[in-house]
1. Going by C-beta contacts inside 10 Å, put VAL65, VAL15 in order with the fewest on the left.
2. With springs only between Cα atoms under 10 Å, which of ALA64, ALA52, ALA88 fluctuates most in a Gaussian network model of the chain?
3. So how do 34-46, 73-85 stack up, highest first, on mean other-Cβ count within 10 Å?
4. By how many degrees, between 0 and 90 and to the nearest 10, does the Cα long axis of helix 37-50 differ from the longest principal axis of the chain?
5. Got a sec? Charge dipole of the chain, +1 on Cβ for Lys and Arg, -1 for Asp and Glu; which of GLY22, ALA66, GLY76 is way out at the positive end?
Amino acid sequence: MPTHRTFSSTFKAQVVLEVLSGSKTQAELAREHRLKPDLITRWKRHFLENAASLFERQGPNDTAVAQIAELEQALGRKTMELEIAKKASSILSRLQDAG
């Protein structure tokens with residue numbers, strides 16, 4: 001029973017760009033890489049449908065910004081806890097030495 005091959009996005013883009021540039025035909029690439037022609041057609045359609053998104057302005061993702069803020073707050077809390085623990089350890093150490 002044959003297993004499904006997986007292809008990287010780089011490989012897919014390379015195949016699609018070769019088809020679009022006309023350097024090789026879709027049939028040639030299908031034979032060369034042992035792919036079904038309809039698979040290359042799907043990759044090409046997907047590539048063309050999403051090509052415009054490459055030129056859209058990429059702003060920071062709201063959820064990513066919120067997550068970063070949450071992590072910064074947690075880091076701040078842990079830093080304070082560590083400082084308090086260091087001071088408490090120092091005080092206890094002095095009390096034991098004095099006692």
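FYI, it's all coordinate maths here, none of it is from the lab. The structure presented is a predicted model; accordingly, all values stated were derived computationally and were not measured. All Cβ positions, glycine included, derive from the backbone under ideal geometry; neighbour counts span all protein chains shown.
1. Taking fewest neighbouring Cβ atoms as first place, the list is VAL65, VAL15.
2. Most flexible of the set in this elastic network: ALA88.
3. 34-46, 73-85
4. 50
5. My answer, from the dipole projection, is GLY22.
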